[in-house]
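What follows is one structure encoded as structure tokens, with my remarks underneath.
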Number of protein chains: 2
Amino acid sequence: MSREQQFIDRLKPLARDPGARGLIDDAAVLAVGNETLVLTHDMLVEGVHYLPADPPADVAWKLVAVNLSDLAAKGAVPVAALMGYTLGPDADWDAAFVAGLGAALGAFALPLLGGDTVTMPQGRALGLTAIGRATGPVPSRGGVQAGDQLWVTGRIGAARLGLAIAKGMAEGPEEWLTAYRRPMPRLAWGQALGPRVHAMADVSDGLLIDARRMAAASGLGVTIALETVPIVGDDALAAVTAGDDYELLFAAPPGFAPPSDCIATLIGGFAPGEGLRLTRDGAAIALPARLGYEHD
Amino acid sequence: MSREQQFIDRLKPLARDPGARGLIDDAAVLAVGNETLVLTHDMLVEGVHYLPADPPADVAWKLVAVNLSDLAAKGAVPVAALMGYTLGPDADWDAAFVAGLGAALGAFALPLLGGDTVTMPQGRALGLTAIGRATGPVPSRGGVQAGDQLWVTGRIGAARLGLAIAKGMAEGPEEWLTAYRRPMPRLAWGQALGPRVHAMADVSDGLLIDARRMAAASGLGVTIALETVPIVGDDALAAVTAGDDYELLFAAPPGFAPPSDCIATLIGGFAPGEGLRLTRDGAAIALPARLGYEHD
């Protein structure tokens, strides 16, 4: 078990409020008067979640986008953000970050309400709290019912190819690099899907690992038909084990039809049992050694 | 101007929502349905906001307490928290932190709803978002009116003496060390005062600097009668320029009487003009070179 998971397991007894959803969901829920808020806080650490050479404006975009992706996965409408920022020794980096932050906040019409700015001698750890308003029932990661089908929005794998470009290890179209550096949270699709699906999560760590987590949280097993997964590039196994795509993964009963303006593909199904099975053209295939980003 | 202040000034154009209060207040406000939420996010960085040798359980306490002190200064009732945690190489430290976090959450009946746990190769930057519910009008830092008087709750200076003990530079009663390591946010007093005062803030960086900020945010000058400030220890100037006390500083019109269960002392007043004046027994005295923790 990864150290992050061990730590989260230690925290679970402290997070008994039902709104914490057992710390297994993308976000928490909080009833306020007659509204339901959806709350998330994600961090980006230099050298862990982004490359030190990534443009600071793109890091700012990503900080906003990864948090809004959590809101998208809960069908929520973003309403506000608070940021925790660690000032580094490079003032130009900080200035470029603010410019990118302004672009991201503007693109998503997200008001920045406050936060904290602190000096940090070494390294950077950036945090954003995003607050959204629920548009209806808030789907959890663990709401799948046996017999539900597994869907994914958009296409998977572009961010992986973009990361290779950013590392100077590959070449490819600009849109791959953009997919890595400026992911687009699926807010509109999430809001349309949220109240209508049984479970939803974003694909942040890799399609396989995120699908397995959804199944585990629901006490079920999941089977994915690899050839049905819409991918970018030609290496399906690499695509479904890479992270940072920020598409939406959701479970819905047979016969479910996504809203007409939502691009979503049926890629598998859930059944009693546990774990993840992968098939190609109907035959079971071996799971790759690494299902995604494991937080270890 | 400190680098932190420069960065905050860069952020201000991105925080135009009235709920951001121009990024000069302890916390932000957000109207949700028929409720008003108060939101804050404060970080603690190892070596900056706490000593590497401080017990991890106390660091956890402080992370909760400094955020709840911001809510106290706005008269808010805490309702939930999200934590951003950077895992370090020392698993025992992390485990002891969780134990202290549980104690703090329990002491303040604060539900932990979620957050993020990330690996950080070097250093620690811990963030907490605290969400509170307003009990009435939410006092800002900048609401002082000319002629208002300046009050402070409790006594000032114990945390400074406790820090000296923690550093092995002094000896003294256990309560001083506790004041430094386990500050108590003035939640009940804040809730009683909040709807009745013109302005309020907590004393986190030092009485003099926090009073000057309140005056500046209100477009006024402030005079403090040093001999009236209730201090711990015998060095008044050291006490009023040290931070970490987490008492409440507030402005109220002449004739204001604090609630009977609130220990508060009248220490000065506001007048047209700008800046901070310090008097002792009626005579102006020179300001110390350093008014408090300057974030630089």
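If B:Ala286 satisfies all but one of (1) surrounded by 13 or more Cβ atoms within 10 Å (Cβ to Cβ); (2) more than 23 Å from the chain's Cα centre (by Cα), what's the number of the condition it fails?
The failed condition is (1).
Does segment A:56-68 contain any residue that is part of a helix (DSSP H, G or I), in contact with a His (Cβ under 9 Å, 6 or more places away or on another chain) and within 11 Å of chain B (Cβ to nearest Cβ)?
Yes, some residue in segment A:56-68 is part of a helix (DSSP H, G or I), in contact with a His (Cβ under 9 Å, 6 or more places away or on another chain) and within 11 Å of chain B (Cβ to nearest Cβ).
Mind listing whichever residues of segment A:265-296 are under 30 Å from A:Gly47 (Cα atoms) and without any contact (Cβ under 8 Å) to a residue 24 or more places away in the chain?
Passing the criteria: only A:Ala289.
Got a number for residues in segment B:2-25 being more than 7 Å from chain A (Cβ to nearest Cβ) and either touching a helix residue (DSSP H, G or I) at 6+ places or on another chain (Cβ under 6 Å) or of a type in the set (S, T, N, Q) (or both)?
Of the residues in segment B:2-25, the ones more than 7 Å from chain A (Cβ to nearest Cβ) are B:2, B:5-6, B:9, B:12-13, B:16, B:18, B:21-22, B:24-25.
With the extra rule that they be either touching a helix residue (DSSP H, G or I) at 6+ places or on another chain (Cβ under 6 Å) or of a type in the set (S, T, N, Q) (or both), the set shrinks to B:2, B:5-6, B:12, B:24.
Looking only at that region, the number is 5.
Which residue, of B:Ala201, B:Ala215, B:Ala211, B:Ala239, is assigned to a helix (DSSP H, G or I), crowded, with 23+ Cβ neighbours inside 10 Å, in contact with a helix residue (DSSP H, G or I) (Cβ under 8 Å, 6 or more places away or on another chain) and at pLDDT 95 or above? Step through it out loud before you land on a result.
Working: B:Ala201 fails: assigned to a helix (DSSP H, G or I); B:Ala215 fails: in contact with a helix residue (DSSP H, G or I) (Cβ under 8 Å, 6 or more places away or on another chain); B:Ala211 fails: in contact with a helix residue (DSSP H, G or I) (Cβ under 8 Å, 6 or more places away or on another chain).
Result: B:Ala239 is the single residue among B:Ala201, B:Ala215, B:Ala211, B:Ala239 that is assigned to a helix (DSSP H, G or I), crowded, with 23+ Cβ neighbours inside 10 Å, in contact with a helix residue (DSSP H, G or I) (Cβ under 8 Å, 6 or more places away or on another chain) and at pLDDT 95 or above.
Which numbered condition trips up A:Thr36, out of (1) at the interface with another protein chain (Cβ under 7 Å from one of its Cβ atoms); (2) farther than 23 Å from B:Gln6 by Cα; (3) in a strand (DSSP E or B); (4) of a type outside the set (A, V, I, L, M)?
(1)
Restricting to segment B:218-229, name every residue that is part of a helix (DSSP H, G or I) and of a type in the set (Val, Ile, Thr).
At the first step, the residues of segment B:218-229 found to be part of a helix (DSSP H, G or I) are B:226-228.
Result: B:Thr228, single match.
So for segment A:255-270 (the condition being farther than 15 Å from A:Leu193 by Cα and part of a loop (DSSP other than H, G, I, E, B)), does at least one residue qualify?
Residues of segment A:255-270 that are farther than 15 Å from A:Leu193 by Cα, as a first pass: A:267-270.
Then keep just the ones that are part of a loop (DSSP other than H, G, I, E, B); that gives none.
Scanning segment A:255-270, I find no residue that is farther than 15 Å from A:Leu193 by Cα and part of a loop (DSSP other than H, G, I, E, B), so the answer is no.
When you go through B:Gly172, B:Gly168, B:Gly154 one by one, which is the residue that is crowded, with 19+ Cβ neighbours inside 10 Å and of a type outside the set (A, V, I, L, M, F, W, C)? Before you say what the answer is, go through the steps one by one.
Values: B:Gly172 fails: crowded, with 19+ Cβ neighbours inside 10 Å; B:Gly168 fails: crowded, with 19+ Cβ neighbours inside 10 Å.
Every option except B:Gly154 fails the conditions.
What's the total number of residues in segment A:74-83 that are more than 10 Å from chain B (Cβ to nearest Cβ) and either in a strand (DSSP E or B) or free of Cβ contacts under 8 Å to residues at least 12 places away in the same chain (or both)? Steps first, please.
Just the residues of segment A:74-83 that are more than 10 Å from chain B (Cβ to nearest Cβ), to begin with: A:74-78.
Among the residues that remain, those that are also either in a strand (DSSP E or B) or free of Cβ contacts under 8 Å to residues at least 12 places away in the same chain (or both) are: A:77-78.
Here the count works out to 2.
Please go through segment A:84-125 and give me each residue that is assigned to a loop (DSSP other than H, G, I, E, B) and more than 7 Å from chain B (Cβ to nearest Cβ), ordered by number. Reasoning before the result, please.
Here is the first cut: in segment A:84-125, the residues assigned to a loop (DSSP other than H, G, I, E, B) are A:88-90, A:108-111, A:120-124.
A:Gly88, A:Pro89, A:Asp90, A:Phe108, A:Ala109, A:Leu110, A:Arg124, listed by residue number.
In segment A:41-55, how many are within 7 Å of another protein chain (Cβ to nearest Cβ) and assigned to a strand (DSSP E or B)?
4
Has segment A:70-89 got at least one residue that is within 27 Å of A:Arg182 (Cα to Cα), in contact with a helix residue (DSSP H, G or I) (Cβ under 7 Å, 6 or more places away or on another chain) and charged (D, E, K, R)?
Checking segment A:70-89: at least one residue is within 27 Å of A:Arg182 (Cα to Cα), in contact with a helix residue (DSSP H, G or I) (Cβ under 7 Å, 6 or more places away or on another chain) and charged (D, E, K, R).
Can you pull out the residues in segment A:81-113 that are closer than 19 Å to B:Met43 by Cα, buried (at least 20 other Cβ atoms within 10 Å of the Cβ) and of a type in the set (Gly, Ala, Ser)?
Within segment A:81-113, A:Ala81, A:Gly84 meet the criteria.
Please state which of the following conditions A:Leu71 fails to meet, knowing it meets all the rest: (1) among the aliphatic types (A, V, I, L, M); (2) facing chain B (nearest Cβ under 9 Å); (3) surrounded by 19 or more Cβ atoms within 10 Å (Cβ to Cβ).
(2)
Test B:Ala170 against the criterion of being closer than 25 Å to B:Ala57 by Cβ and small (Gly, Ala, Ser), and give yes or no.
Values: closer than 25 Å to B:Ala57 by Cβ: yes; small (Gly, Ala, Ser): yes.
Taking the combined requirement at face value, the residue satisfies it.
The values are calculated or read from the model by the stated rules, or taken from the named source; none is laboratory data. Fair warning: this is a prediction, and the values are worked out from it, not measured in the lab. Cβ: placed from backbone, ideal geometry, glycine included. Neighbour counts: every protein chain shown.
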